[in-house]
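What follows draws every value from the coordinates through simple rules; no lab data is involved. Source: prediction; values computed, not measured. Counting neighbours? That spans all protein chains shown, and the Cβs are built from the backbone with ideal geometry, glycine included.
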Amino acid sequence: MKALAVASPVAAAQPRRRCLAVAGVPCHRIMSQQLQTSFTGVSLHRRQQHKPSTRPSSSVVAMAMASRPSIQFIQGTDEQTVPDVRLTKSRDGSNGVAVFTFDQPSVFDSSAELGDITGFYMIDEEGTLQTVDVSAKFVNGKPAAVEAKYVMRTPRDWDRFMRFMERYSQANGLQFLKK
């Protein structure tokens, strides 16, 4: 935001009228950097109400542990098998594909009681990434592997996927090998 204010031709032409705290930076620091803005609106401040906390401090730890990144084929049931992941990205960086291969996944053990595979879900603290491009491989009539393909169509999708993979790899001891 500071870079925008400095680069704006409007900001340089008009004198500063008010001081607004931006992203926790005190007003005196902003003014000392001589940033100028054309903002002439009224500042709104929310009254802070102090409410005693009814939650014990251990609830924060429980929430952090509950947001462990996971992969699911049936919603609500985490896949225990750690996949082999192959990534490809276009030369211009506009799109990419991640192919997950699970050898002998645990979903085959639980699908009889929990239902069919409904898709491929990557869940972390930011939310859920999902695809329905899932295929099973059979050897001698028995399920041997599951392959899921996740397509990223924008650089934003790629960045979001990489944030998920970083969390998932840290939680499951994966490492990146460039081939």
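If you go through region 120-132 one residue at a time, do you hit one that is farther than 25 Å from Ser67 by Cβ, part of a strand (DSSP E or B) and in contact with a strand residue (DSSP E or B) (Cβ under 6 Å, 6 or more places away or on another chain)?
Checking region 120-132: not a single residue is farther than 25 Å from Ser67 by Cβ, part of a strand (DSSP E or B) and in contact with a strand residue (DSSP E or B) (Cβ under 6 Å, 6 or more places away or on another chain).
Can you tell me how many residues within region 133-175 are more than 18 Å from the chain's Cα centre (by Cα) and part of a loop (DSSP other than H, G, I, E, B)?
Looking only at that region, the number is 5.
When Met152 is evaluated against the numbered criteria (1) touching a Gly at 6+ places or on another chain (Cβ under 8 Å); (2) surrounded by 14 or more Cβ atoms within 10 Å (Cβ to Cβ); (3) without any contact (Cβ under 8 Å) to a residue 40 or more places away in the chain, which criterion, by number, is the only one it fails?
(3) is the only condition that Met152 fails.
Could you tell me which numbered condition Thr88 fails, if it satisfies all but one of (1) surrounded by 12 or more Cβ atoms within 10 Å (Cβ to Cβ); (2) hydroxyl-bearing (Ser, Thr, Tyr); (3) not in a loop (DSSP other than H, G, I, E, B)?
That leaves (1) as the condition not met.
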